Amino acid sequence: MKATYDPEVDILNIVLKDTAIEESDESKPGIILDFDKDGNVVGIEILNVSKRTENPRSFEYAVTA
């Protein structure tokens with residue numbers, strides 16, 4: 001998994017699986033889901049992320065059992 005933030009366009013891009021994107025769908029305004037050929041979500045793009053979070057440059061990741 002990889003997350004990148006581009007402050008010039010204020011977009012957070014989260015890649016769940018590095019594979020070819022077959023289709024994208026804006027599920028909610030400003031939230032774009034990327035799908036592979038089998039219909040699995042492989043990426044998430046969040047537009048205007050600085051308006052949706054406190055700090056788009058801060059990212060936490062946790063694994064719970």
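The values are calculated or read from the model by the stated rules, or taken from the named source; none is laboratory data. Since this is a predicted model, take the numbers as computed values, not measurements. With ideal geometry, Cβ positions are generated from the backbone for all residues, glycine too; neighbour counts draw on all protein chains shown.
Side notes on the structure shown:
- Only one of the listed residues (Lys17, Lys37) is surrounded by 10 or more Cβ atoms within 10 Å (Cβ to Cβ) and more than 13 Å from the chain's Cα centre (by Cα). That residue is Lys37.
- Strands (runs of 3 or more DSSP E) contained in segment 12-55 and holding at least 2 residues modelled with pLDDT of 95 or more and among the β-branched types (Val, Ile, Thr): 31-35, 41-47
- Residues of segment 40-49 that are hydrophobic (A, V, I, L, M, F, W, C) and either loosely packed, with under 14 Cβ neighbours inside 10 Å or within 15 Å of Val15 (Cα to Cα) (or both): Val41, Val42, Ile44, Ile46, Leu47.
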